[in-house]
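Novice: Here you go, one structure.
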Number of protein chains: 4
Amino acid sequence: MGDTETKQRPGDGRRAQAKAANREAILEAARAVFARMGMESATVRDIIRETDLAAGTFYNYFKSKEEVVKALAELSTSRFRPRLAKVRAAAPDVKSYIRAAFHAYFSFLKDENETALRLGASQMKLAAVRYDTPEMDAVLTEVRCALDSFFDEADSPHFDTEYITAAAVGIALEFGDLMLRRHPVDVDGATRVASELFLSGISGVDCCFQD
Amino acid sequence: MGDTETKQRPGDGRRAQAKAANREAILEAARAVFARMGMESATVRDIIRETDLAAGTFYNYFKSKEEVVKALAELSTSRFRPRLAKVRAAAPDVKSYIRAAFHAYFSFLKDENETALRLGASQMKLAAVRYDTPEMDAVLTEVRCALDSFFDEADSPHFDTEYITAAAVGIALEFGDLMLRRHPVDVDGATRVASELFLSGISGVDCCFQD
Amino acid sequence: MGDTETKQRPGDGRRAQAKAANREAILEAARAVFARMGMESATVRDIIRETDLAAGTFYNYFKSKEEVVKALAELSTSRFRPRLAKVRAAAPDVKSYIRAAFHAYFSFLKDENETALRLGASQMKLAAVRYDTPEMDAVLTEVRCALDSFFDEADSPHFDTEYITAAAVGIALEFGDLMLRRHPVDVDGATRVASELFLSGISGVDCCFQD
Amino acid sequence: MGDTETKQRPGDGRRAQAKAANREAILEAARAVFARMGMESATVRDIIRETDLAAGTFYNYFKSKEEVVKALAELSTSRFRPRLAKVRAAAPDVKSYIRAAFHAYFSFLKDENETALRLGASQMKLAAVRYDTPEMDAVLTEVRCALDSFFDEADSPHFDTEYITAAAVGIALEFGDLMLRRHPVDVDGATRVASELFLSGISGVDCCFQD
DNA sequence: CATGAATGAGCATTCATTCAT
DNA sequence: GATGAATGAATGCTCATTCAT
């Protein structure tokens, strides 16, 4: 509205890319808006308002807010999945894997948060850090799947792998929250405590994890 | 429209107090509506529609939906806090307390869920179990506080009590979710696994918990 | 908008009736708008704009434009049906009935047209006189039914009553159109020609009508 | 997007004329769309979507949907007028002409209807058969004119030729409707009944038609 | 206090039309 | 010419909120 510098309006030169760039602009705007006011209550108008585009333009790129959500989630998944795969391939044993997975998640979370802040999400608005964001959701799902399949594969009939995964996820979520609220944001610290706690926890539930 | 005789919560008897009872009626309706369609998407209209009251009357008692949310949360807090206090007073040691707290939370969760289902929340709608209910939120906060103060009081400088609480909360949340998705809902099972996992976990972080 | 005299806004006195009167106002406005620009292309906003009411108020009275259409049609039906019934009861024979029915229809049409003109339908806009009006449609249906059942009852297996009815309706429609375009509007003339033509027509098709 | 080779009505061969052929393509598409969803509710977008052309191209050929309508009507007129002229030239007397005119109209109607059905107009959608098509309108107008001038020329001061034409048109319209609703569609039957009815009718109005 | 009609801003979405390329 | 992305006005409709009674 005021900032005419970033406008992609016709007439400014490189056109071919501008078209594809608008999609990016909308996604970026959506990211900011979701971070600021939550996915649920954000409206399509909130998103395009963040943009130099006109109301109708949104619908040239997405059919609805839900599609933006999906696109954002897929983006995150596609960025995070390889990292997680690498982590797994590199892990010599359970403990290492758990540690690396926690670390990957907390790192991602930190990055996301920094982006969100830069994009205008006032720290105040996030009572608890914003998790109802498509990116977070996607990554969390990713982690959950990885753990799930890891435990399943480990074929540990001694304990309920679903509950164990749930525990890991719960710890990750809450630790992530806490980690972001503290300054400076300490990824390694969170990783260490989470790993220690979780690994000790499951070794208490099933002794075969005491290696 | 013209007949004022039948208004005013027909069928409740005492007239004098009936007026104050409207507040109760609105809260009750809000509970049902939140359970059925989620706090976020419920509208003031949805709430008053559940009521014998007129649209405008809502605003005699609450300034907005958010105030109803707050009131509902406070109600839950005030009902749940004593239970938790009793649990604490009765607990001979850490382990017992943790177990009792998990149990209290999972029990409450089960009750809430059953109420929600009875009130019309289709099992389907709860992708993840309905947590966006002011009551749940309040109780969770309550538990968090209890744990927090418990650990602080225990004065365990050996570990970061905030993180430990976060772990307990995370486990509680995710286990609760999982518990409700399984049938029959097994409060004791969830309590046992959660306690074992969590207690073993913290004993790994700080040996002074191995008593 | 400019005319504050006719406003039904709160604060002008008689209130109880005003509420019911708004429904009338909307129907009246819809009548005018439909007449002026056709039922199909008229929008809800066009209707309320004709009114002193606010956009949302429309939906206190009707769920959509279609409901207004239905209401308008029902109004017409309920006003016209008795007239037609009386006509039929009074008719000693076919010829009289046909004449009276044509007359009733053309009279109604004239009334409607005059109302429409008074309500702002510029004569210009109606290329062919506006028939896509719920009232006209309803009345025409009424007439069609009356004729249909009349012929059926007369049990004239000698000719195809459906076609005969269609002829009567077609003549009525086109004559109505023509009648309204001429000045002064001559109901009796149209009735005479239509009746003569139609009655001679059917007597040519089936001799049993030559009485 | 980038591939301009495949554009321009792929598969039609000659390139030079292809450009002018776009007009044709649009008209054809409009025909189909109008038949399928009615003239009123069809949008320019619906039309170009049926085409290999881009949105903007539409405006190189027509200023708006209304112009397409007009063009389509003119096309019909120009195709139908000669047929009607021939009919007239060949008719030895009034009766023959009337019959031939009815027949021409009903035939055209049947063709149009079959085209419409083939083009996707669900039988259901046509509450009353699809008349809101520019072609139908044009042809009807054509017939009306022919009859009008015929009667005028016959110089029959004994009756009101405008009304007589109106009667013929009304009968044609309603019979057409009815004819299409019955199966199999019986053009000759409709023609016979309509002619009989109409001719007897006018002979009752003015005896000079009894020849 | 209770009422419920009225309000008007707001939302998702569609569409005719323009225009830089 | 042809293109198709951008535009922004318009539409149907919902909702929180007000206020005369």
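FYI, it's all coordinate maths here, none of it is from the lab. On a predicted model such as this, the values are computed, not experimentally measured, just so you know. All Cβ positions, even for glycine, are placed from backbone atoms using ideal geometry, and neighbour counts span all protein chains on display.
Novice: What residues of segment D:22-36 lie in the reach of a label at D:D52, counting those whose backbone N is under 12 Å from a point 7 Å from the Cα along Cα→Cβ?
Specialist: D:22, D:25
Novice: Quick one: order C:Y61, A:Y105 by neighbouring beta-carbon count within 10 Å, fewest to most. Don't skip to the end; give the middle numbers.
Specialist: Working: C:Y61 18, A:Y105 30.
By the 10 Å Cβ count, ascending, the order reads C:Y61, A:Y105.
Novice: Nearest 0.05, what FRET efficiency do C:D188 and C:C145 give at R0 = 35 Å with Cβ-Cβ as r?
Specialist: Details: r = 25 Å, r/R0 = 0.71.
The formula returns an efficiency of 0.90 here.
Novice: Same structure, new question: Run the numbers for A:R181 and A:H158: contour at 0.36 nm per residue of separation, minus the present Cα-Cα distance, in nm. Spell out each step's value before the answer.
Specialist: Details: separation 23, 0.36 × 23 = 8.28 nm, distance 3.66 nm.
So the extension gain works out to 4.6 nm.
Novice: Order D:69-76, C:80-87 from most to least packed using the mean count of other Cβ atoms within 10 Å. Display every interim value, and only then the final one.
Specialist: Working: D:69-76: 17.9, C:80-87: 15.9.
By packing density, highest mean first, the sequence is D:69-76, C:80-87.
Novice: A further question follows. Residues with beta-carbon under 11 Å from that of B:S195, excluding B:S195: net charge, scoring Lys, Arg +1 and Asp, Glu -1? Let's see the in-between values first.
Specialist: Values: positive: B:K95, B:R99, B:R192; negative: B:D188, B:E196.
With Lys, Arg at +1 and Asp, Glu at -1, the neighbours total +1.
Novice: Here's a follow-up. Label point 7 Å out from D:S78 along Cα-to-Cβ: which residues of segment D:51-65 have amide N under 14 Å?
Specialist: Under cut-off, by backbone N: nothing.
Novice: Please go through the residue pairs A:K70/A:K110; C:K110/D:K70; B:K65/B:K86; A:K63/A:K110; B:K65/B:K95 and name each one whose alpha carbons sit more than 29 Å apart in this structure.
Specialist: Values: A:K70/A:K110 22 Å; C:K110/D:K70 31 Å; B:K65/B:K86 33 Å; A:K63/A:K110 31 Å; B:K65/B:K95 40 Å.
Flagged as over cut-off: C:K110/D:K70; B:K65/B:K86; A:K63/A:K110; B:K65/B:K95.
Novice: If you add up the charges near B:G170, with Lys and Arg at +1 and Asp and Glu at -1, over every other residue whose beta carbon is less than 12 angstrom from its beta carbon, what do you get?
Specialist: On the way: positive: B:R144; negative: A:E174, A:D177, B:E174, B:D177.
Once positives and negatives cancel, what remains is -3.
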